[in-house]
Amino acid sequence: MNTFAQIHGRAPEGEWAAPGRVNLIGEHTDYNLGFVLPIALPQTVRAQARRRDDGLLRLHSTRGDGTVVEVAVADLAPGGVTGWAGYPAAVVWALCEAGHEVGGAALSLGSDVPTGAGLSSSAALECAVALAYNDLYGLGLSAPELALIAQRAENAFVGVPCGIMDQMASMCCRAGAALHLDSRDLAMRQVPVDLAGAGLALLVLDTRVKHDLGDGAYAALRAGCERAAGLLGLPALRDLGPADLPSALAQLPDELRPLVRHVVTENERVAEAVTHLDAGDLAALGPILTAGHASLRDDYRVSCPETDLAVSTAVAAGAHGARITGGGFGGSVIALVNATAAESVAAEVATAFREAGYATPRTLTAVPAEGARRIA
């Protein structure tokens with residue numbers, strides 16, 4: 001593998017890392033300004049970077065074919081850079097659009113976050129670049145401010161209308177904790193999650209069914225939720241309480257009712273999960289995970305046969321609960337298991353996949369890790 005100096009001519013000024021994430025509960029509520037509960041993964045995107053004074057952004061990925069993408073910062077515009085390079089370019093564009101005086105940089109990017117698995121590899125990439133630029137150009141932006149820059153990059157430059165959860169999780173999560181985040185005002189609290197102390201493990205089962213949130217399905221879900229909020233006269237669906245759900249559903253067309261039901265009940269599941277975590281009853285998260293999956297499958301309809309099989313098999317094999325995590329339409333399932341049963345649950349899921357003719361799922365163990373940081 002080429003070193004940074006071989007690729008860019010000089011050694012880097014620093015190295016930054018930003019993690020992927022899994023969301024324990026609260027899927028698809030962040031763009032409704034609701035509540036989420038993610039943890040950061042030990043897997044990260046790493047950015048080696050050096051400031052350039054010629055106005056050029058020079059990008060290299062260790063996952064690619066060695067190609068270096070070069071573009072003038074002054075020429076950055078939505079749609080102008082595509083593929084993996086579009087994400088770091090988008091961050092630089094968003095910083096410029098926000099009025100920050102930034103110029104060129106040389107960036108070499110490496111990652112062990114699985115792509116297309118619903119583990120927020122794109123947000124990790126954005127946040128690593130945002131943090132690097134924050135230091136290289138002395139911007140003094142806070143972690144939430146950088147998360148908002150990264151979200152703007154993905155929304156307006158890449159074209160994915162995501163909420164703020166992924167970027168906030170990558171920037172703000174802490175080791176040993178889940179981030180209880182209010183997506184409206186970005187109020188947050190670190191909720192301790194001691195899986196090992198409870199004798200538990202959180203399996204991540206990557207079904208290897210790739211999803212692309214830019215393909216229109218995700219945007220259609222968001223548009224449906226926004227339409228429903230408008231019909232109900234609400235700023236966002238998070239403003240609809242569970243007591244008012246039945247009457248609200250009666251006012252909506254059939255196609256919007258399941259979306260609204262999912263958002264309202266998912267916000268309630270987040271609150272319930274936090275209560276159990278605060279009480280130290282981590283095993284009680286299990287039924288909440290499974291109920292969340294049923295809602296994502298039946299009401300939000302973002303599951304698929306592979307994720308449904310992973311959930312049902314894990315639960316039948318002894319998991320306390322399981323659910324899809326990420327945007328859906330494939331990706332990964334998380335399963336809360338006794339630590340001593342992690343290997344057997346993973347093996348049962350692999351067997352079920354083989355018997356169904358599916359690709360063997362990839363498995364990793366999620367440990368609540370530290371958010372974005374400078375590492376060198």
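Any read-out appearing in this document is the output of simple, stated calculations on the displayed coordinates, not a laboratory observation. Given the structure is predicted, the values throughout are model-derived calculations rather than measurements. Note: ideal-geometry Cβ built from the backbone for every residue, glycine included; neighbour counts use all protein chains shown.
Things worth noting here:
- Computed over segment 4-190, relative contact order equals 29 percent, with contacts defined as Cα pairs under 8 Å that lie 6+ residues apart.
- This model, with +1 at the C-beta of Lys and Arg and -1 at the C-beta of Asp and Glu, gives the chain a dipole about its Cα centre of some 480 debye.
- Listed residue (Gly159, Val191, Gly83) projecting farthest to the positive dipole end of the chain, Cβ model: Gly83
- For the chain, the mean residue ellipticity at 222 nm estimated from helices alone is -11000 deg cm²/dmol, where every DSSP H run of n ≥ 4 contributes -39500 (n - 2.57) and the total is divided by all residues, rounded to the nearest 500.
- Debye, to nearest 20: dipole size of segment 4-190, +1 on Lys, Arg Cβ, -1 on Asp, Glu Cβ: 340
- Whole-Hz couplings from phi, Karplus 6.51/-1.76/1.60, listed for segment 362-367; x for Gly and Pro: 8, 10, 9, 9, 8, 10
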